[in-house]
1. Subtract the Cα-Cα distance of S128 and K162 from 0.36 nm times their separation in residues, and report this length gain in nm to one decimal.
2. Compute the Rg to Rh ratio over segment 98-166 from the alpha carbon atoms, using the Kirkwood formula for Rh, and round to two decimal places.
3. In the structure shown, do any of K19/K118; K1/K161; K1/K126; K1/K118; K19/K45; K1/K162 have a Cα-Cα gap over 20 Å, and if so which?
4. Name the aspartates and glutamates eligible as straight-distance cross-link partners of K68: C-alpha to C-alpha under 14 Å, and not fewer than 8 places from it in the same chain.
5. Given the Cα-Cα distance of D41 and R111 and 0.36 nm per residue of separation, how much length would full extension add, in nm?
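Read-outs: derived from the displayed coordinates by stated rules, not from any lab. Everything quoted here is computed from the prediction, not taken from an experiment.
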Amino acid sequence: KIPERQLLDCMIPMLLSLKFVHNAGFTHRDISPDNIMCLPDGSVKLLDFGAARYSVMEESKSLSVIVKQGYTPIEQYQSHGKQGPWTDLYAAAATMYTALTGIVPEESLERMANDTLKKPSQLGVKVSENTENAILAALNLRPEDRPQDVDAFLEILTGQKKGGLVVRKKSKKPLIAILAAVMVL
């Protein structure tokens, strides 16, 4: 676990780098703690662009499925589908959640059936409301419920915009039906 200030000192420069990547038309698709290097001099390196794909914000013909437990959003489980900055923001928020709480968020597929994600503050973590809201907003399961780009995420993080988890009615569909629907998305 690391304190919020230390986390933000590392993650804000990483997010600004990620914005540059997104503005160039790429989606990283593999943001996780092991792909972010925070150096003692304060500089931050975003690593491993092996899964990055050029995106034009439309459906790709076919994308390899990259899965890193706890950091992979629902749309990344499909080989055909719309991925973009919101995909990377989910993984960045999962990284922030892990760094603050010491707990990797439950896999997005499992959360589809029964979302038990707890707020960091519910786990006893001292965190500002803005930081918690930004993390939770980017951890929304549905891509359309997440901040759509780094600027929108930073607006929540700085309190300029509201955000958080979108609460939806629990699905009565069995997990297999949900998984089938995800594969069709």
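1. Going from the current span to full extension adds 10.9 nm.
2. 0.95
3. Checking Cα-Cα distances, K19/K118; K1/K161; K1/K162 exceed 20 Å.
4. D30, D34, D48, D88, E106, E107, E110
5. 21.4 nm
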